[in-house]
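The values are calculated or read from the model by the stated rules, or taken from the named source; none is laboratory data. Please read these numbers as outputs of a predicted model, since none were measured by experiment. Virtual Cβ from ideal backbone geometry, glycine too; neighbours counted across all protein chains shown. Surface accessibility is based on the protein's heavy atoms, side chains included, excluding ligands, DNA and RNA. Shrake-Rupley method; radii C 1.70, N 1.55, O 1.52, S 1.80 Å.
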Amino acid sequence: MSSSIILYYISQRHRIEQRNSLRILRRSLRDHHNPFEIATEESFFELYRMPKHLCLELIEELKPFLPKSRRVHAIPCHLIVLSSLRFFATGSFQRSVGQDNLSALSQTSVSRCVTMVAKALNNISHNYIIFPKQEDFPGLKIKFMEKYQFPGIIGVIDGTHIKISAPRREIEHIYYCRKGGHSKNVMIICDSNYIILAANARFGGTAHDSYVWRSSQACRRLEDLYTGGERNYWLLGDSGYPLQPWLMTPILSTCNTSEERYNIAHKSTRALVERCIGILKSRFRCLSKERTLYYSPPKAGLIINACLVLHNFLVRKKIPHPEIISEEMNDNGEQTNATADISCRNISSIAKRQRSEIVENVFAQ
């Protein structure tokens, strides 16, 4: 056997021994470092975006949906969740998250943890992202009227782009964003308390806001309710959305002060969803402009949905909102929507009459 082959086997053996010793060290650190015991309440909140008691509550809720391992040295359930929360909160590279002295995990372990927790959060999403039922509409309208003096609103809608890495070449064009790079165009509907009522993270950055909206279950649900006779309720959206009897948009060319008042009230109310998106991205930095989700589009969608669930979890527990970073506001811009088919034009004419009635009845004084 040549000397080069012998040296190769020696180096390989040395590399394996180093890897095994590092694995033992990480296990030792995991066994002796419990973030719940070591970290103060303030530092814990800063690291994981929630207080300890809520984190324990979340872990218990996710346990049934996390894979069970019989390995002696399996990663503890609480560390699986905490390392994932740390990634969602910071958007740092997985290796950096794993090398945190409170985690002590390899990059591949952090990747598995993020996938497991994202899937678990998606499994419980129906408990946290709930589109209102018909009997809930009056209460939602009252809250919006009290806060913004705009009648009939049950929610506000907007889209936001979340950057992802370039997918494989045959589908790359679907995710190319008009601002450059690749992204997912995520539709978000929220109520007056920043609770997300519906979301859609299936589409790539090429998709127009109006297309994402028309493809959503929320759109079909509202259309069915309108057809069934449930009227005088609507969402508010910007000019990138189609004007529909259940979706009020701004008046592009105002003719009088009443229409100008309508636009002013519309804009100030619609800013609510922009603040909601700003809160979401400030709290979970993996979704922010400065970060990129280096995953396939389906896995990136799982992570986005997971963060939406966590957002609602924290809002419902009345956790204070983080300071919104200015560049996270209005990151999607407004796109003018062009509608060509005749059926949509008919719907639009009905919606225009309805919008004119709102202007005359509410904003003409």
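Points to keep in mind about this one:
- Members of the stretch 41-97 that are open to solvent by 70 Å² or more (accessible area, probe 1.4 Å), among the aromatic types (Phe, Trp, Tyr) and modelled with pLDDT of 90 or more: Phe45, Phe65
- Qualifying residue in the stretch 128-142 (condition: on the phi < 0 side of the Ramachandran plot, touching a residue at least 24 places away in the same chain (Cβ under 8 Å) and surrounded by fewer than 15 Cβ atoms within 10 Å (Cβ to Cβ)): yes
- Residue tally, condition more than 14 Å from Phe363 (Cα to Cα) and under 25 Å from the mean Cα position of the chain (by Cα), over the stretch 245-266: 4
- Which listed residue, of Ala271, Ala265, is part of a helix (DSSP H, G or I), of a type outside the set (D, E, K, R) and in contact with a helix residue (DSSP H, G or I) (Cβ under 9 Å, 6 or more places away or on another chain): Ala265
- Leu252 satisfies every condition listed in (1) open to solvent by 50 Å² or more (accessible area, probe 1.4 Å); (2) of a type outside the set (Asp, Glu); (3) within 24 Å of Ala166 (Cα to Cα) except (3).
- Condition check for Val110: in a helix (DSSP H, G or I), crowded, with 19+ Cβ neighbours inside 10 Å and either free of Cβ contacts under 8 Å to residues at least 40 places away in the same chain or not β-branched (Val, Ile, Thr) (or both): yes
- Within the stretch 211-224, being touching a residue at least 60 places away in the same chain (Cβ under 8 Å) and open to solvent by 30 Å² or more (accessible area, probe 1.4 Å) holds for Gln217, Arg221.
- Checked against the criterion of being open to solvent by less than 30 Å² (accessible area, probe 1.4 Å), over 20 Å from Leu252 (Cβ atoms), of a type in the set (S, T, N, Q) and at pLDDT 85 or above, the stretch 290-307 has no qualifying residue.
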